[in-house]
1. Once R0 is set to 41 Å, what does the formula 1/(1 + (r/R0)^6) return for the Cβ-Cβ distance between Asp63 and His39, expressed as a FRET efficiency to the nearest 0.05?
2. Just want the ordering: Arg78, Arg84, from fewest to most Cβ atoms lying within 10 Å of their own Cβ.
3. From the phi of every residue in the stretch 58-66, what ³J(HN,Hα) in whole Hz does the Karplus formula 6.51 cos²θ - 1.76 cosθ + 1.60 yield, where θ is phi - 60° and glycine or proline is x?
4. Quick one: Karplus J couplings for the stretch 39-52, per residue in order, coefficients 6.51, -1.76, 1.60, θ = phi - 60°, nearest Hz, x for Gly and Pro?
5. Just to verify a number: FRET efficiency for Arg82 and Arg48, C-beta to C-beta distance, R0 = 30 Å, to 0.05?
6. Would you please give the residues with an amide H less than 5 Å from that of Arg40, counting only those at least 5 places away or on a separate chain, with H modeled from the backbone geometry?
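What follows draws every value from the coordinates through simple rules; no lab data is involved. All of these numbers come straight from a predicted model, not from anything done at the bench. Neighbour counts run over all protein chains shown; Cβ positions are idealised from the backbone, glycine included.
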Amino acid sequence: MTARCLRAALLLAAVPAVAAGAVTLALRTGHRRLHADRHRIELTPQPRRSCPDCWGDGGWWVDGAHPEMEACGCWANRPTWRVRLLPVPAWSAEPPF
């Protein structure tokens, strides 16, 4: 192997590690959680720990006759991103046996 081929091979070997690091950094700074399976890749928003309203809890409890949690705007107003990869197989109407 020549020096040029060796250098190219080492560069190609380093690309996946750099790409994985960049994706991890982007997910942490964007406050998103990654879920991936064979049917989809999904990025869901997460509460920010530095949010002055909820301090990373994601919301607060509203008092009243029926207490419920009110979601904080640091994550509730942001969309969930989905990329469909493979269609989910349809269930058969016939019993399996």
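1. On the way: r = 41 Å, r/R0 = 1.00.
Computed FRET efficiency for Asp63 and His39 comes out at 0.50.
2. Arg84, Arg78
3. x, x, 8, 8, 9, 6, x, 5, 10
4. Couplings: 9, 7, 10, 10, 10, 10, x, 10, x, 7, 5, 8, 5, x Hz.
5. Values: r = 22 Å, r/R0 = 0.72.
It comes to 0.90.
6. Leu85, Leu86
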